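Data block below; observations after.
The values are calculated or read from the model by the stated rules, or taken from the named source; none is laboratory data. Worth saying up front: this structure is predicted, and the values here are computed from it rather than measured. Methodologically, a virtual Cβ is constructed for each residue, glycine included, from the backbone with ideal geometry; neighbour enumeration extends over all protein chains shown. Quick note on the areas: whole protein, heavy atoms, side chains included, nothing else; ligands and nucleic acids left out. Shrake-Rupley method; radii C 1.70, N 1.55, O 1.52, S 1.80 Å.
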Amino acid sequence: MKSPSHLYLSTSFVIIRLAATLFTGIAFTLNANADVLPGAMPKDWPANPAKHIVSVHREYADKQQAAMIATAEAALPSKDTLLQAMKAGDRRNDPLALNQPKGAKLPAGEKVWWYKEQLGIRIPGAITGDCVAYYSDLVNKYGKQAHKRYLEPSSRLDYHARIKLHKEFIIDGKTFKDVNVVDLKLKFFQSFLASATEGMHFEKVRVVVLDAEGKVLYISGDGPTEVPIFAI
C-alpha cells in the first residue's frame, strides 16, 4: 500500500519593474505593471530549465484509488459544454471578445479538452490527463529553448489530484451517498514565451464523483476559464 504524500512548493518569480508572481503551495497571484524603457532592446536569454517548473502530484492510498483518479482524468467534457464555453468567452479579461475570432469552431478530435487558443496556447474547458500532459510538455519545451526577449521568460505548471471517500457529498445542489470524490486542480503560468511582450496565467478546478465501482456519476467545474493576459 502506498501512503499519501503531500508536496507543497513555494517559488517566487521577480521581474525587474514588471511583476511579482508568488506561488505558495499550488496557489499563485500575479500583478503586472511595467513599461519598456525608451531605446531598450531585446536580450538573448539562453535555455534555463530552472525558470520552467513542472509540478505534478497525484495523491492516493492504493491501486484502486489510483485507478479512480485515472478514470476521473479520462472523463471527457461534453461537446455541448465546450461549445457553451466557447460562446461564453471571457467577459472579465476579454470583454470585447478580441481573442475570440468570429466564426470560430470547436477543435476537432476524439479527446478534446480545450475550447479555444490564446497566444497560441490551448485553454482548458476541463482538466483531463491529456490536458495535464499538454501543459507539462509545453513547460518542459520552454525550458529547453533560448529566447530573445526584453525580460527573462519563465513558466510553471502546478497540478494536484487527490481522492477521498465520502459517506455523503453535496455539490451543485446534488447529494451523493458513499462515493469517491476526485479533486483536480491545475494552475499554469507563462511570461514572454508565446509572445515577446505578453504572458498569461489561469487556474482550473474539476470535481469528479464516482461510485464504489469507479463509475463516474457526476462532474463539476467544466466550462469556460478566465485567462488574465499581462503585457509590457
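Sub-6 Å Cβ pairs linking a first residue in region 160-174 that is assigned to a strand (DSSP E or B) to a second residue that is of a type in the set (Gly, Ala, Ser), at least 6 apart or interchain, are 171/220, ordered by first then second residue.
Any residue at all in region 32-52 that is open to solvent by less than 90 Å² (accessible area, probe 1.4 Å), under 26 Å from residue 116 (Cβ atoms) and either modelled with pLDDT under 95 or in a strand (DSSP E or B) (or both)? Yes: region 32-52 contains one or more residues that are open to solvent by less than 90 Å² (accessible area, probe 1.4 Å), under 26 Å from residue 116 (Cβ atoms) and either modelled with pLDDT under 95 or in a strand (DSSP E or B) (or both). The residues in region 221-232 that are open to solvent by 20 Å² or more (accessible area, probe 1.4 Å) and part of a strand (DSSP E or B) can be counted, and the count is 2. Give the residue that is nearest to residue 44 (Cα to Cα), with candidates limited to residues of region 134-153 that are assigned to a helix (DSSP H, G or I) and open to solvent by less than 10 Å² (accessible area, probe 1.4 Å). Per the criteria, the residue is 143.
Determine whether region 154-173 contains at least one residue that is among the charged types (D, E, K, R), in contact with a Ser or Thr (Cβ under 9 Å, 6 or more places away or on another chain), under 17 Å from residue 74 (Cα atoms) and surrounded by fewer than 12 Cβ atoms within 10 Å (Cβ to Cβ).
At the first step, the residues of region 154-173 found to be among the charged types (D, E, K, R) are 156, 158, 162, 164, 167-168, 172.
Still in the list and also in contact with a Ser or Thr (Cβ under 9 Å, 6 or more places away or on another chain): 156, 158, 168, 172.
After this cut, where a residue has to be under 17 Å from residue 74 (Cα atoms) as well, the list is none.
No - not one qualifying residue is present in region 154-173.
Looking only at region 181-206, count every residue that is of a type outside the set (Gly, Ala, Ser) and open to solvent by 20 Å² or more (accessible area, probe 1.4 Å) and tell me the total. Walk me through it before giving the result.
Of the residues in region 181-206, the ones of a type outside the set (Gly, Ala, Ser) are 181-190, 192-193, 197-198, 200-206.
Next, only the ones that are open to solvent by 20 Å² or more (accessible area, probe 1.4 Å) stay: 183, 185, 187, 197-198, 201, 203, 205.
Here the count works out to 8.
Pairs meeting the criteria (first residue in region 175-191 and within 13 Å of residue 212 (Cα to Cα), second residue of a type in the set (Gly, Ala, Ser) and not in a strand (DSSP E or B), beta carbons under 6 Å, at least 6 apart or on different chains) are 182/72. Please name all residue pairs, on different chains or six or more residues apart, with Cβ atoms under 8 Å, provided the first residue is in region 134-157 and is among the aromatic types (Phe, Trp, Tyr) and the second residue is assigned to a helix (DSSP H, G or I) and open to solvent by 40 Å² or more (accessible area, probe 1.4 Å). Pairs found: none.
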